[in-house]
Every structure is written in structure tokens, then in C-alpha cells.
Amino acid sequence: MPWNPDLYHKFQSERAAPFYDLLALVDVRPNLKVIDLGCGSGELTRQLADRLPHSRVTGLDNSPDMLKKAASFSTSSLIFQLGDQSTLTGEWDLIFSNAALQWSENHAELIPRLFGCLAPGGQIAVQVPSNHNHISHQIYRETAAEEPFRSILAGFQRHSPVLTIDEYARLLFECSAEAITVFEKVYPHVLEDSDAVVEWISGTALIPYFERLGSHKDEFLQVLRAKMRSALPGSPVFYPFRRILFSAKKPN
């Protein structure tokens, strides 16, 4: 997908907040082999690497544009690679992923597959957005199903693969995981107005739609903004961003 790092970073501080809660779940040990799935532009991967003494950290992402930004954070112990997080191979002491696994399908298969890539005693730590039932998401799915966009998109809809906290806990239990922690947290953001909410989702959830809309992108956004102004009138707008965080360890 054609990610826009500049647009994504417009709300950088708000997007980064869950990273620190996820980082707090990591069992800090020296000499770890670490991978950050969906590393994006690398700033937070660098912070992860700085937190883990004498460890070798790889940032993996499928966006060349993001990786161009990430290259400046490379060190002798931190590298960045182009790749698909859903086909991860190898053996890792820490599999870390902040706001990226929502772009890979079928979590019921993905999570056990990733857990299987852990070394004995290794840890998986993941954060995914679970905001797919927010009014902003309901509105863009509704709009995509209306003409002329339904025909332009050839009926395309992208439904979130994110599961419930109970389902993630069960998957980890079925992997014989230890020290399972799973919770959901709402991060309260205050945005200027409903247009800012549309801009927020333009940097993430709307990307698969934009790449299919082509020259109709602005028309789609115009309809979204009108609907959002009706749904979320006034200024500022309270935007409760719901996230799921989970961590677990593989037995020695």
C-alpha cells in the first residue's frame, strides 16, 4: 500500500502513546534477537533498540517509502528490511509489533504462526487498533457501499481482522503460552474538528480505499467530511481511540 509518512506523522504524538504501554510489557534482557514487525519510519524501533542492551534488532516493513525514512536510524545493532510480516521465518527472542498486525489477515492463524517463531523463553508483544466500530469507520464503509463509489471500488471493503481480547487470550493459551497479558485501553484524543478525524483515518484505515479510488479520492473525501460533520459536529471533537495490547512468553 502507498503509505504517506508525512500524513501518518501529523498525529505522531497521539499514535505513539500506545507504543510506550507496549514497551512497558517487554521483559528487558540483554543479548536478544529482536524483530519489530511493521516498523514504519523507524523512530519507535530505535527507541525499542535503545531499551534493549546488547541486542540485535531488525525493523521489518513492506513500505519502501517508510523504510527510506527509517534508514537514518540504522546502527550497527539496528537494521531495517523490506518484508511481509505475515510470512515471518526464523527464531526470535522478541517479536514486537506496534500498530501493524491489523494489516495482516486471519489472526486466528497469524498469532500461532508468529508464536511458533519464538525461541524458547521468547516473548511476543503486540498492539493493534480496535477502533473499527467507531462512527468514522462505520461512515467510510457505508460510503464505500454507495454509488458511485461501490462501482468505482468494484465492491471492495476492507474489514478489520482484529479479534476480541478474549479471543487473543484463548489463542495464546492454546499455544501453551506463559505470562499471558491481554487488555484493551482507550486513548482519549482531542482533535480540532470532524475534518481532523477524517485526516486521522486518511493516514491509516483509508489507504486501501485511496489506492483503488484513483482520481475519485477527493470526491470520496468530500462525501466523508460532510457525513462526519453531521455525525460529530462542533469543535473540538473527542476521539476515543481503542487499542488492544497483549504479551506472552514461550516456555523454555
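The values are calculated or read from the model by the stated rules, or taken from the named source; none is laboratory data. All of these numbers come straight from a predicted model, not from anything done at the bench. Positions of Cβ are generated from backbone atoms using ideal geometry, with glycine treated the same way; all protein chains shown enter the neighbour counts.
Observations on the model:
- Scanning the range 82-126 for residues that are part of a strand (DSSP E or B) and either closer than 26 Å to Leu224 by Cβ or over 18 Å from the mean Cα position of the chain (by Cα) (or both) yields Trp92, Asp93, Leu118, Ala119, Pro120, Gly121, Gly122, Gln123.
- Pair list, Cβ < 7 Å and 6+ apart or interchain, from the range 55-79 residues that are within 20 Å of Glu91 (Cα to Cα) to residues that are of a type in the set (Phe, Trp, Tyr): Gly59/Phe80
- Taken together, the residues in the range 70-81 that are buried (at least 21 other Cβ atoms within 10 Å of the Cβ) and in a helix (DSSP H, G or I) amount to 1.
- Residue tally, condition crowded, with 22+ Cβ neighbours inside 10 Å and not in a loop (DSSP other than H, G, I, E, B), over the range 23-48: 7
- Residues that are outside any strand (DSSP E or B) and touching a Ser or Thr at 6+ places or on another chain (Cβ under 8 Å), drawn from the range 165-193: Glu192, Asp193
- Test for Gln123: is it among the polar types (S, T, N, Q), touching a Pro at 6+ places or on another chain (Cβ under 8 Å) and farther than 30 Å from Ser215 by Cα: no
- Filtering the range 52-66 to residues that are part of a helix (DSSP H, G or I) and more than 21 Å from Val128 (Cβ to Cβ) leaves Pro64, Asp65.
- Boolean, Glu178 is at pLDDT 95 or above, over 24 Å from Glu142 (Cβ atoms), surrounded by fewer than 20 Cβ atoms within 10 Å (Cβ to Cβ) and more than 23 Å from the chain's Cα centre (by Cα): yes
- Listed conditions (1) under 25 Å from Leu232 (Cβ atoms); (2) assigned to a loop (DSSP other than H, G, I, E, B) are all met by Glu142, apart from (2).
- Any hit, the range 148-166, residues being under 20 Å from Leu213 (Cα atoms), small (Gly, Ala, Ser) and buried (at least 18 other Cβ atoms within 10 Å of the Cβ): no
- Selection status of Asp65, surrounded by fewer than 21 Cβ atoms within 10 Å (Cβ to Cβ) and within 18 Å of the chain's Cα centre (by Cα): yes
- Options Asn62, Asn98: the member that is within 22 Å of Pro30 (Cα to Cα) and polar (S, T, N, Q): Asn98
- Inter-residue pairs, beta-carbon under 6 Å, first among the small types (Gly, Ala, Ser) and in the range 176-205, second part of a strand (DSSP E or B), 6+ apart: Ala177/Ala248; Ala179/Lys249; Ser194/Val237
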